[in-house]
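The values are calculated or read from the model by the stated rules, or taken from the named source; none is laboratory data. All figures in this text were calculated on a predicted structure; none of them were measured in a lab. Please note: Cβ atoms are built from the backbone with ideal geometry, for glycine as well, and neighbour counts cover all protein chains shown. We work out accessible area using only protein heavy atoms, side chains counted, and drop any ligands, DNA or RNA first. Shrake-Rupley method; radii C 1.70, N 1.55, O 1.52, S 1.80 Å.
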Amino acid sequence: MMLNGRGGMLRNAATPFGKLLNWSAASSSARTSKLFVGGLSYDTNETTLKDTFSQYGDVIAVRVICHPTMGKSKAFGFVTFSSEDEAAAAVRKMNGEELDGRIIRVHYSDCG
């Protein structure tokens with residue numbers, strides 16, 4: 001039995017941390033239609049991202065992540081395609097390419 005800092009019993013204390021967060025080797029390598037796009041220019045907006053990635057398939061969602069109070073881009077975002085095959089094509093073609101003057105990184109997203 002393990003106790004938390006207040007003397008209460010911890011549940012599932014023997015459960016590995018990754019399992020608590022629903023991470024596994026299988027899920028990290030599983031194909032998905034949601035892509036992470038990093039290294040964006042601070043000027044890249046969702047319209048530009050969608051237009052750029054639409055050449056590889058049907059983009060159903062685009063999100064550039066911004067600071068919650070300042071509203072400035074955090075230089076990364078997500079692009080979701082309607083199929084895994086379209087997402088795979090975008091990863092192959094866009095990873096390491098230039099967009100708005102910056103070399104971007106594109107890979108499968110671990111976020112659901």
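Kindly indicate whether MET70 is open to solvent by 50 Å² or more (accessible area, probe 1.4 Å), part of a loop (DSSP other than H, G, I, E, B) and at pLDDT 80 or above. In short, yes. Annotation: SER33 fulfils all but one of (1) under 12 Å from SER109 (Cβ atoms); (2) open to solvent by 40 Å² or more (accessible area, probe 1.4 Å); the unmet one is (2).
Set side by side, the residues VAL64, VAL59 differ, and just one is of a type in the set (A, V, I, L, M), buried (at least 16 other Cβ atoms within 10 Å of the Cβ), without any contact (Cβ under 8 Å) to a residue 60 or more places away in the chain and closer than 11 Å to GLY38 by Cα, which is VAL64. Among residues of the stretch 80-108 that are in contact (Cβ under 8 Å) with a residue 40 or more places away in the chain, those with a beta-carbon under 9 Å from a residue that is basic (Lys, Arg) and in a strand (DSSP E or B) at least six positions away or on a different chain give the pairs THR80/LYS34; THR80/ARG63; PHE81/LYS34; ALA87/LYS34; TYR108/LYS34.
Selection over the stretch 21-55 of residues that are modelled with pLDDT of 50 or more and not in a loop (DSSP other than H, G, I, E, B) gives a count of 15.
Please verify whether the stretch 8-20 includes one or more residues that are among the small types (Gly, Ala, Ser), at pLDDT 95 or above and loosely packed, with under 12 Cβ neighbours inside 10 Å. It would help to see each step written out before you state the result.
Of the residues in the stretch 8-20, the ones among the small types (Gly, Ala, Ser) are 8, 13-14, 18.
Next, from what is left, pick out any that are at pLDDT 95 or above: none.
Looking for residues that are among the small types (Gly, Ala, Ser), at pLDDT 95 or above and loosely packed, with under 12 Cβ neighbours inside 10 Å, one finds none in the stretch 8-20, hence no.
Is there a residue being out of contact with any Ser or Thr (no Cβ under 6 Å at 6 or more places or on another chain), of a type in the set (S, T, N, Q) and under 17 Å from LYS93 (Cβ atoms) anywhere in the stretch 55-67? So far as the stretch 55-67 goes, yes, one or more of its residues are out of contact with any Ser or Thr (no Cβ under 6 Å at 6 or more places or on another chain), of a type in the set (S, T, N, Q) and under 17 Å from LYS93 (Cβ atoms). Residue count for the stretch 73-82 under the criterion of being at pLDDT 95 or above and open to solvent by less than 40 Å² (accessible area, probe 1.4 Å): the result is 6.
For the stretch 88-104, the set of residues classified as buried (at least 17 other Cβ atoms within 10 Å of the Cβ) and either touching a helix residue (DSSP H, G or I) at 6+ places or on another chain (Cβ under 8 Å) or charged (D, E, K, R) (or both) consists of ALA90, MET94, LEU99, ILE104, listed by residue number.
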